1. Only one residue in Asp79, Asp119 is assigned to a loop (DSSP other than H, G, I, E, B) and acidic (Asp, Glu). Which one?
2. Please enumerate the residues belonging to segment 134-158 that are in contact (Cβ under 8 Å) with a residue 40 or more places away in the chain, surrounded by fewer than 17 Cβ atoms within 10 Å (Cβ to Cβ), of a type outside the set (Lys, Arg) and in a loop (DSSP other than H, G, I, E, B).
3. Out of the residues in segment 162-176 that are open to solvent by less than 60 Å² (accessible area, probe 1.4 Å) and in a loop (DSSP other than H, G, I, E, B), state the one that is nearest to Arg245 (Cα to Cα).
4. Any idea how many residues of segment 82-107 are open to solvent by 60 Å² or more (accessible area, probe 1.4 Å), out of contact with any strand residue (DSSP E or B) (no Cβ under 8 Å at 6 or more places or on another chain) and not charged (D, E, K, R)?
5. Check Pro200 against each of (1) open to solvent by 60 Å² or more (accessible area, probe 1.4 Å); (2) closer than 19 Å to Glu304 by Cα; (3) out of contact with any Pro (no Cβ under 6 Å at 6 or more places or on another chain) and name the one condition it does not meet.
6. Between residues in segment 270-281 that are under 17 Å from Arg135 (Cβ atoms) and without any contact (Cβ under 8 Å) to a residue 40 or more places away in the chain and residues that are basic (Lys, Arg) and open to solvent by 10 Å² or more (accessible area, probe 1.4 Å), which pairs lie under 7 Å by C-beta distance while being six or more apart or on different chains?
7. Do you know which of the residues in segment 181-197 that are under 24 Å from Gly301 (Cβ atoms) and charged (D, E, K, R) is surrounded by the most Cβ atoms within 10 Å (Cβ to Cβ)?
8. With respect to Leu15, is the statement that it is outside any loop (DSSP other than H, G, I, E, B) and modelled with pLDDT of 95 or more true?
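The values are calculated or read from the model by the stated rules, or taken from the named source; none is laboratory data. As the structure is a prediction and not an experimental result, all values here were calculated from the model. Cβ: placed from backbone, ideal geometry, glycine included. Neighbour counts: every protein chain shown. Just the protein is used for accessible areas: all its heavy atoms, side chains included, with ligands, DNA and RNA removed. Shrake-Rupley method; radii C 1.70, N 1.55, O 1.52, S 1.80 Å.
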Amino acid sequence: MSQPPAFVVVALSFLISPLFGQEPYRPPVVGRWDLTLTAGDGGGRKLPSWLEVQVSGNHVLVGRFVAVVGSARPISRLDFSHDTLRFAIPSQWESGDGDLRLEAVLARDTLSGAVTMPDGTRLPLVGVRAPSLHRVAPPRWGAPVRLFNGRDLTGWHAQAGESAWQVVGGVLTNTKAGANLQTDASYTDFKLHVEFRYPPAGNSGVYLRGRYEVQIEDSPGPEPVIGGLGAVYGFIVPNENAARRPGEWQTYDIELVGRLLTVVLNGHTVISVQSIPGPTGGALDSDEGLPGPIFLQGDHGPIEYRNIVLTPAR
């Protein structure tokens, strides 16, 4: 067998040798970040947000971002140099026609800087690394708790805005777009059973720990979608569309342990032990390491709920 010419071997060695022994490109900003923005209205309101930074290939940073509202959107490229992270992405549900821009400095494992919204509003930010929420042992379940008593709103309170929630014939009913409704109590790991009914084009959602929305939406198409019934809004697509028709009662059986989520919709396991990356748009906060309430979305229109039962982990 003939040998390649010496000059070919030398040339190949120059091309290949830099790849061996080279440290992988992994700047310290890589990972998931729970962000808190401060509203620019002078009231100091804290607004939850989320960021993921990943390495693509040898030297490019890409990611995902969740603003105060809306779904996770891709970031095609981020720049990180001199301890400063920057990126720009198109607007989604925000007002204004500019890009959304983030600039933050990494120091002692904390991000600090600002997001400039598409309308030019500047929102200061602080970011901390998202906790893993890994559990070292399977949960031990406690006694089931009936969150809705079928008579009144005991154990619940409305969030900001005009509340349209009332109890009608034993059914927890939101009659029009208005305030969301949340439990007075907070929870960590749990199993949740809830029954719901929406009209045509109905839209609501069940927020777990007040941070992760399991979507409720009239989803008539044959294929499941990332924003449809059974999805974790913007993050996890259900493996099938198990929706019933509008006007029919439907069921969720949900288990959340750490980040690991299982969703059974109308008897079909549509999400099976998948990890939720971070808070979805509309979350109450981004403090993922803390317990949080259950809340029901009422700001999109009419929706009905009944038989809401939670089994907490002990």
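1. Testing whether each residue is assigned to a loop (DSSP other than H, G, I, E, B) and acidic (Asp, Glu) leaves just Asp119.
2. Selection gives His134, Pro138, Gly142, Ala143, Pro144, Gly150.
3. Gly170
4. To start, the set of residues in segment 82-107 that are open to solvent by 60 Å² or more (accessible area, probe 1.4 Å) comprises 82-83, 86, 90, 92-93, 95, 97, 99, 101, 103, 105.
Cutting the leftovers down to out of contact with any strand residue (DSSP E or B) (no Cβ under 8 Å at 6 or more places or on another chain) gives us 82, 93, 95, 97.
With not charged (D, E, K, R) added as a condition, the list becomes 82, 93, 95.
Residues that pass the stated criteria total 3.
5. Pro200 satisfies every listed condition except (3).
6. The qualifying pairs are Ser275/Arg259.
7. Here is the first cut: in segment 181-197, the ones under 24 Å from Gly301 (Cβ atoms) are 181-183, 192-197.
With the extra rule that they be charged (D, E, K, R), the set shrinks to 195, 197.
Working: Glu195: 16, Arg197: 19.
Checked segment 181-197; the qualifying residue surrounded by the most Cβ atoms within 10 Å (Cβ to Cβ) is Arg197.
8. no
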